[in-house]
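Trainee: Take this structure, written in structure tokens, and hold onto it; I'll ask about it next.
The values are calculated or read from the model by the stated rules, or taken from the named source; none is laboratory data. As the structure is a computational prediction, the values presented were derived from the model and not from experiment. Using ideal geometry, Cβ is built from the backbone for each residue, glycine included, and neighbour counts are taken over all protein chains shown.
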Amino acid sequence: MQQPKLKSKVQCADREVGEVTKVILDPITREISDIVVGSGGGGPERQVPMAQVQAVTDGVVQLRITSSELAQRPPLKRDDFVTIHEVEIAHLEDNLHVEPGEVLVPLPELERNVRRRTFFTNFTHAIGALVALPLAFPVLKYLMKPMYAPFDNQWIKVGSASKIKTEDVGVQFKFKKKFKEAFMPEAEIDKNIWILKASPAVLEQVYKGKDQVFHDAAGREIWTNKQSVPYIAYSGKCPHLGCGYKWRAHKVLGQVFLCPCHLSIYDASGKVLDGPAPRPLDTLPIRVAGNGDIEVIDMEFKAGKKEQVRII
Ligand code: FES
């Protein structure tokens with residue numbers, strides 16, 4: 001079946017009722033899950049699942065339901081959605097052929113869906129792992145040995161503070177990180193972090209009057225981020241499940257860090273404003289040299305945990 005297009009006429013089983021004013025997207029399957037039908041004249045818009053769409057032809061969407069059944073459907077709760085201008089969904093254009101416009105992504109039900117899907121995915125993986133374990137165990141034991149190596153607390157130069165022009169605006173810094181497995185030649189991976197030149201108000205939200213001390217694997221202090229230094233670095237991984245996130249304009253919340261995977265939203269201080277993230281964004285040790293060069297210690301923490309557990 002063709003995809004419903006915005007502004008297509010909507011035909012119920014008995015009569016024409018209006019047009020498609022928005023489409024709603026399932027951000028995981030990246031398919032249209034619902035259309036929104038507007039009757040014009042200021043009446044409420046109604047959300048209709050794709051299961052109720054019988055056919056789509058050029059310019060017309062035919063519904064299975066009658067106009068009175070449509071009128072009984074609850075009005076669209078616009079606040080339960082964000083537009084795709086506010087989130088970023090990878091490869092969306094491969095799946096979605098509607099014209100850009102009011103394409104919505106649901107906010108609140110999402111977490112439940114994700115949990116269910118994640119459960120089945122994990123379940124399948126767990127069965128596979130159990131079957132393969134006797135064969136793989138000796139190899140795994142060998143491969144996992146480097147994981148017990150001490151944390152890498154090297155300072156890495158990521159760029160210049162001159163790149164940051166405005167206070168309280170997230171700026172992405174990309175860099176290469178070298179790593180070495182015991183049995184392989186040295187390799188490089190692409191990494192990114194977000195750095196903010198924070199206003200005193202944001203610094204207070206981050207530090208709450210207490211400087212932040214970082215420790216090595218043995219519990220020894222390695223660095224202290226001080227509230228008097230206005231630069232804050234956040235790990236590039238979302239604490240929910242480790243996706244990359246972006247600095248985005250949100251219609252209601254203003255400028256935020258927004259993770260496209262399950263729509264966790266954080267303010268400039270890293271505080272969770274919405275979504276399934278279990279903890280604020282992870283701050284990293286940061287120091288700024290006199291010439292403006294920024295260096296960080298690139299730490300990683302376990303995703304999905306309320307508390308911060310360092311893994312790299
Ligand atoms: S990984 Fe799930 S919200 Fe970011």
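Trainee: If I go through region 1-59 residue by residue, how many of them are among the charged types (D, E, K, R) and within 24 Å of Val105 (Cβ to Cβ)?
Mentor: Residues in region 1-59 being among the charged types (D, E, K, R) and within 24 Å of Val105 (Cβ to Cβ): 10 in total.
Residues are listed down the side, and each one gets a yes or a no for (1) out of contact with any Gly (no Cβ under 6 Å at 6 or more places or on another chain); (2) within 22 Å of Lys191 (Cα to Cα); (3) at pLDDT 95 or above:
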| position | (1), (2), (3) |
| --- | --- |
| Val213 | yes, no, yes |
| His240 | yes, yes, no |
| Lys251 | yes, no, no |
| Arg279 | yes, yes, yes |
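Trainee: Filter the strands (runs of 3 or more DSSP E) completely within region 1-52 down to those with at least 1 residues that are on the phi > 0 side of the Ramachandran plot. Working first, answer last.
Mentor: Working: elements: 9-11, 16-26, 31-38, 46-49.
The strands (runs of 3 or more DSSP E) meeting that bar are 16-26.
Trainee: Mind listing just one residue for me: the one in region 250-308 that is surrounded by fewer than 16 Cβ atoms within 10 Å (Cβ to Cβ) and among the small types (Gly, Ala, Ser) and, of those, nearest to the ligand (Cβ to nearest atom)?
Mentor: Gly304
Trainee: Moving on to the next point. Does Tyr231 satisfy the condition of being touching a residue at least 12 places away in the same chain (Cβ under 8 Å), away from the ligand (no atom under 16 Å from the Cβ) and not assigned by TED's automatic domain parsing to the domain that holds Val82? Quick ask: steps written out before the conclusion?
Mentor: Details: touching a residue at least 12 places away in the same chain (Cβ under 8 Å): yes; away from the ligand (no atom under 16 Å from the Cβ): yes; not assigned by TED's automatic domain parsing to the domain that holds Val82: yes.
The answer is yes for Tyr231.
Trainee: Could we say that Trp223 is in a strand (DSSP E or B) and under 13 Å from the mean Cα position of the chain (by Cα) here?
Mentor: Taking the combined requirement at face value, the residue does not satisfy it.
Trainee: When you check Ser235 against the structure, is it more than 21 Å from Thr166 (Cβ to Cβ) and modelled with pLDDT of 95 or more, yes or no?
Mentor: yes
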